[in-house]
1. Rounded, prolate or oblate, given the Cα gyration tensor of the stretch 142-234, with a/c below 1.5 counting as rounded?
2. Expressed as a rounded percentage, what relative contact order does the stretch 80-237 have, with Cα pairs under 8 Å and six or more residues apart?
3. Assuming 1.567 mPa s and 4 °C, estimate D for the chain with Stokes-Einstein, Rh taken as the Kirkwood radius over Cα pairs, in µm²/s.
4. Under 10 Å, Cα contacts only: if you run a Gaussian network model on the chain, which one of 200, 124, 55 comes out with the highest mean-square fluctuation?
5. How far is the Cα center of the stretch 1-63 from the Cα center of the stretch 83-148, in Å?
6. Who wins for biggest fluctuation among 18, 103, 204 in a Gaussian network model of the chain, springs between alpha carbons below 10 Å?
7. DSSP beta bridges in the stretch 3-233, what fraction antiparallel, as a percent rounded to 5?
8. Kindly list the residues of the stretch 136-165 that lie in the label zone of residue 69, defined by a backbone N under 18 Å from the point 7 Å along the Cα-to-C-beta vector.
């Protein structure tokens with residue numbers, strides 16, 4: 001299959017999975033860097049993620065300009081995607097969501113740190129971007145490239161950043177990688193919130209976070225979790 005068609009197919013799957021796993025609802029979006037042109041990215045027009053089909057995928061310049069305007073409404077927070085792709089050449093997929101389990105960590109001073117072993121992928125640090133620091137009182141949506149670039153400057157080399165009072169942005173070296181990280185962020189958040197009812201949380205150490213991956217999950221090209229998530233969401237892997 002042509003690489004572009006493969007990316008589009010995986011992007012549709014990513015949308016459906018994120019909706020099915022409760023990471024996104026009617027809002028939120030996932031994009032992928034264009035496989036033939038790294039200065040562009042692919043993103044659906046402004047549909048609810050659980051409804052996205054292959055024909056909904058559009059092509060955008062990094063500044064958010066659609067390559068071909070088909071007259072359909074487009075996501076207003078495109079600068080989240082374009083600014084991260086601009087700043088991080090290794091990033092191949094970006095997710096923006098308002099996951100309910102993650103939101104408490106974007107509302108409080110409690111840091112998001114990996115406590116569950118599968119959350120090692122989020123890394124030691126999930127910074128919080130505060131839109132007020134540079135832009136004052138806004139509607140808290142990322143609607144300009146200046147805002148997107150400021151967010152990317154806080155994200156830095158991390159896998160994700162929380163957006164104060166809003167949600168988060170998640171990156172990946174592939175669509176599957178970004179989706180797995182977004183789901184892990186949700187699971188980790190829920191486990192911490194539930195664990196706090198019982199007592200103090202025992203977080204992973206830096207050594208545990210960076211320990212070499214072992215077992216079947218370390219095999220190149222083997223991703224049983226992606227297969228499972230696709231089937232669960234009703235799409236082909």
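Coordinate-derived values only; no laboratory data. None of the values given here were measured: they were computed from a predicted structure. Ideal geometry is used to build each Cβ from the backbone, glycine not excepted, and the neighbour counts take in all protein chains shown.
1. oblate
2. 31 percent
3. Values: Rh = 18.0 Å.
Taking Rh from Cα pairs, D becomes 72 µm²/s.
4. Among 200, 124, 55, the largest GNM mean-square fluctuation belongs to 200.
5. 19 Å
6. The residue that fluctuates most here is 204.
7. 90 percent
8. 144-145
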